[in-house]
Amino acid sequence: MIDPKIKTLLTLTEVGNYTQTAKRLALTQPAVSYQIKSLEEQYGIEIFYRGNRQLKPTPEGEILISYARRLANLEKNARGAIEDLQKNVQRFRVGITTTLGEYLVPEIFVNYCKRNPHVQISIITEAIKEIYNMLSNYELDWAIVEGHITEKGYVSLLLDTDYLCLVVSPQSHLARRSSVSVQELRQEKFVLRTPEAGTRSLFEQFLTSMSETIENFNVVIETNNIKTIKELVAANLGVTIISHSAVEQDLARGKLISVPVDGLNIVREINLVYLREFRHAHILDDIRKAYTDQQEWILDG
């Protein structure tokens with residue numbers, strides 16, 4: 001069972017107020033203060049800055065809070081694993097980056113769960129940085145992400161590869177071009193993912209390699225909704241740089257057109273990622289097979 005002081009710390013961090021924390025935990029305010037003080041003495045640190053109206057963790061406090069969250073999630077996971085065993089089910093929380101989450105991946109899980117009725121999957125779609133934070137805090141069991149992780153403690157299984165491409169409307173003056181230069185793109189209106197998105201980051205890295213910067217381009221709309229980006233581009237309201245997998249079917253139907261960009265050759269991996277201590281890594285082989293089967297079905301269709 002998790003130390004009650006840890007539960008108090010996490011509640012106080014969430015609520016941001018000693019009085020409200022005491023009410024939520026059915027404690028007195030002095031009891032809350034005592035437990036926080038005990039943790040500070042135990043670790044020889046100050047957890048929160050003194051004298052601030054707003055409760056703000058010190059750098060040492062942030063580290064302790066981070067590990068406290070991991071402990072709480074580990075206990076929750078332990079209880080869940082025991083309950084799953086007793087009910088003969090397997091539940092997994094899976095993180096997926098935005099592009100994959102909107103298209104191919106959900107269908108894979110539907111098909112997989114149909115074939116494996118004892119498995120229940122909860123899907124969380126987030127930016128890649130948030131997914132890695134959730135993995136490290138044991139809030140996710142595994143993830144499917146665009147890109148590669150090099151941090152210790154993780155295992156990556158290659159699922160597929162993808163690449164970035166310039167996509168325009170069939171009505172765009174660029175639609176019939178065999179290629180376009182980066183300099184020419186400075187004259188276009190862009191509809192792009194927001195700066196924290198992996199696709200956006202890779203595009204900006206490409207621009208840097210070409211002695212350019214995103215500030216020299218006319219970005220008229222930023223959004224993380226892939227469907228919105230495609231609709232705006234199809235309506236000829238701008239062009240975009242996007243993962244090929246996100247527009248594969250639209251290109252096949254002629255709704256969008258891909259135009260090569262001089263020097264743009266960014267191939268990115270799609271990986272299954274999990275912490276080394278994940279106990280059910282064997283099911284990921286089945287997920288990989290489901291992914292391959294689904295992709296072949298789309299290409300044949």
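The values are calculated or read from the model by the stated rules, or taken from the named source; none is laboratory data. Values in this document were obtained by computation on a predicted structure and should not be read as measured data. All Cβ positions, glycine included, derive from the backbone under ideal geometry; neighbour counts span all protein chains shown.
Per-structure values
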item	result
Output for the range 164-185, where each listed residue is of a type outside the set (S, T, N, Q) and surrounded by 13 or more Cβ atoms within 10 Å (Cβ to Cβ)	L164, C165, L166, V167, V168, L174, A175, R177, V180, V182, E184, L185
Residues located in the range 253-289, provided they are over 24 Å from E139 (Cα atoms) and either surrounded by 15 or more Cβ atoms within 10 Å (Cβ to Cβ) or among the hydroxyl-bearing types (S, T, Y) (or both)	K255, L256, I257, S258, V259, V261, L264, I266, R268
Matching residues, the range 1-34, being in contact with a helix residue (DSSP H, G or I) (Cβ under 7 Å, 6 or more places away or on another chain), farther than 17 Å from R70 by Cβ and polar (S, T, N, Q)	T19, T21, T28, Q29, S33
Pairs where the first residue, in the range 269-291, is of a type in the set (A, V, I, L, M, F, W, C) and the second is at pLDDT below 80 and part of a loop (DSSP other than H, G, I, E, B), C-beta under 8 Å, 6+ apart	V273/I149
Residue that is surrounded by the fewest Cβ atoms within 10 Å (Cβ to Cβ) [pool: residues in the range 186-206 that are assigned to a helix (DSSP H, G or I) and of a type in the set (F, W, Y)]	F206
Inter-residue pairs, beta-carbon under 9 Å, first not assigned by TED's automatic domain parsing to the domain that holds V167 and in the range 203-218, second modelled with pLDDT under 95 and not in a helix (DSSP H, G or I), 6+ apart	none
Hits in the range 170-205 (condition: among the hydrophobic types (A, V, I, L, M, F, W, C), within 17 Å of N265 (Cβ to Cβ) and over 22 Å from the mean Cα position of the chain (by Cα))	V180, V182, L185
Residue match in the range 115-138 (condition: buried (at least 19 other Cβ atoms within 10 Å of the Cβ) and in contact with a Pro (Cβ under 9 Å, 6 or more places away or on another chain))	no
Pairs where the first residue, in the range 22-40, is in contact (Cβ under 8 Å) with a residue 12 or more places away in the chain and over 11 Å from L9 (Cα atoms) and the second is among the hydrophobic types (A, V, I, L, M, F, W, C) and surrounded by fewer than 16 Cβ atoms within 10 Å (Cβ to Cβ), C-beta under 6 Å, 6+ apart	none
Matching helices (runs of 4 or more DSSP H) fully within the range 1-110 where at least 1 residues are at pLDDT below 75	59-87, 98-102
Some residue of the range 2-16 being farther than 27 Å from N77 by Cα and among the hydroxyl-bearing types (S, T, Y)	no
Residue in the range 242-265 that is farthest from E204 (Cα to Cα), counting only those that are part of a strand (DSSP E or B) and more than 24 Å from the chain's Cα centre (by Cα)	I257
